[in-house]
Amino acid sequence: MIMNQNSVKVLIVDDERSARHVLAGYIEKYCPELELIGEADQIVAAKSMIEKHHPDLVFLDVEMPGGSGFDLLDQLSDLNFGVIFVTAFDQYAIQAINHGAAYYLLKPLSIDDLIDAVKKFTSEKSHGACAIRNKVVTENVMRVDAQQRRLVLPLMDGFEVVKVADIVHCTAHDNFSDIFLTDGRKRMICRTLKFYEDLLTDDGFMRVHKSHLINLTHVTKYMKSGGGSVVLIDGTEVPLSPQKKDMFLKYFENGR
């Protein structure tokens, strides 16, 4: 095969033959910028092919017999390739992927979602960025303490990696979110507050008001006056919605 020097070399890793066939067909028909260089049905073969062919992009199934897609990444010393995860709906897996600002597709595959994921990858690709994102995803899967997980924040000129524990609170800003860190910095992120609510609720965060998502480990005081408010470690006072008051108080009554 004569390779186009401008093409993106792609590997498909999925234990289901039919799934690989469908994805390969979609790539050929709808993603001309991609050049399929091989397929693998389990992680041992995939590891060998990645080390031999150095693909630019890997479509990686999350759950496979003999090891997950996360296991594959953990076994590789060189993570300088993009990953588009392919998975049946698995909230834990998707949260791990989203913490790393990585891309994923849900089975059964949507052509529009495939095209969108490929466009995002090709427009943002950077081998250094790919390596860091892959590392964040695999590390987060293995971390038991949610507050020690890391989060990739996409910025206008790149991205920043922060510990979940270093996020004090997030505030809605139209279709953006302002994220406030323990060192006093603020980051405006092109994600809605709902996105971070879904992502961080299991990591010890609570949306206490329509405009505020707080890290419960950084609460220093509850104030009853004015309908109720919460004071955070950085001195910020956040209003407490009446609909969230009982949930908030119960959290701390349970000795958290």
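The values are calculated or read from the model by the stated rules, or taken from the named source; none is laboratory data. Just so we're clear, the structure is a prediction, and the values are computed from it rather than from any experiment. For neighbour counting, all protein chains shown are included, and Cβ atoms are generated from backbone atoms with ideal geometry for every residue, glycine included.
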(request) Mind listing just one residue for me: the one in region 64-79 that is of a type in the set (S, T, N, Q) and at pLDDT below 95 and, of those, nearest to Ile97 (Cα to Cα)? (result) Ser68
(request) Would you please name the residue that is farthest from Val238 (Cα to Cα), looking only at residues in region 136-184 that are in a helix (DSSP H, G or I) and out of contact with any helix residue (DSSP H, G or I) (no Cβ under 8 Å at 6 or more places or on another chain)? (result) Glu139
(request) Could you give me the residue pairs with C-beta distances under 7 Å whose first residue belongs to region 148-161 and is over 14 Å from Cys190 (Cβ atoms) and in contact (Cβ under 8 Å) with a residue 40 or more places away in the chain, whose second residue is of a type in the set (A, V, I, L, M, F, W, C) and in a strand (DSSP E or B) wherever it lies, and which are 6+ apart or on separate chains? (result) Arg150/Val161; Arg150/Val162; Leu151/Val162
(request) Output yes when any residue across region 203-226 is under 22 Å from the mean Cα position of the chain (by Cα) and among the charged types (D, E, K, R), and no when none is. (result) yes
(request) Name the strands (runs of 3 or more DSSP E) wholly inside region 191-252 in which the number of residues that are outside the structural domain of Ile97 (by TED's automatic domain parsing) and within 26 Å of Met156 (Cβ to Cβ) is 2 or more. (result) 205-209, 212-215
(request) Look at region 207-231 and say how many of its residues are crowded, with 21+ Cβ neighbours inside 10 Å, touching a residue at least 40 places away in the same chain (Cβ under 8 Å) and either within 12 Å of Phe248 (Cα to Cα) or aliphatic (A, V, I, L, M) (or both). (result) 4
(request) Please specify each residue of region 14-48 satisfying the condition of being closer than 18 Å to Cys130 by Cα and surrounded by fewer than 23 Cβ atoms within 10 Å (Cβ to Cβ). (result) Leu34, Lys47
(message) Condition check: modelled with pLDDT of 95 or more, surrounded by 13 or more Cβ atoms within 10 Å (Cβ to Cβ) and part of a loop (DSSP other than H, G, I, E, B). Does Leu109 satisfy that?
(response) yes
(request) Only residues that are surrounded by fewer than 19 Cβ atoms within 10 Å (Cβ to Cβ) and touching a Ser or Thr at 6+ places or on another chain (Cβ under 8 Å): list them for region 80-104, please. (result) Ile94
(request) Quick one: Lys9 ticks every box in (1) free of Cβ contacts under 8 Å to residues at least 24 places away in the same chain; (2) more than 19 Å from Ala88 (Cβ to Cβ); (3) basic (Lys, Arg); (4) touching a strand residue (DSSP E or B) at 6+ places or on another chain (Cβ under 7 Å) except a single one, so which number is it? (result) (1)
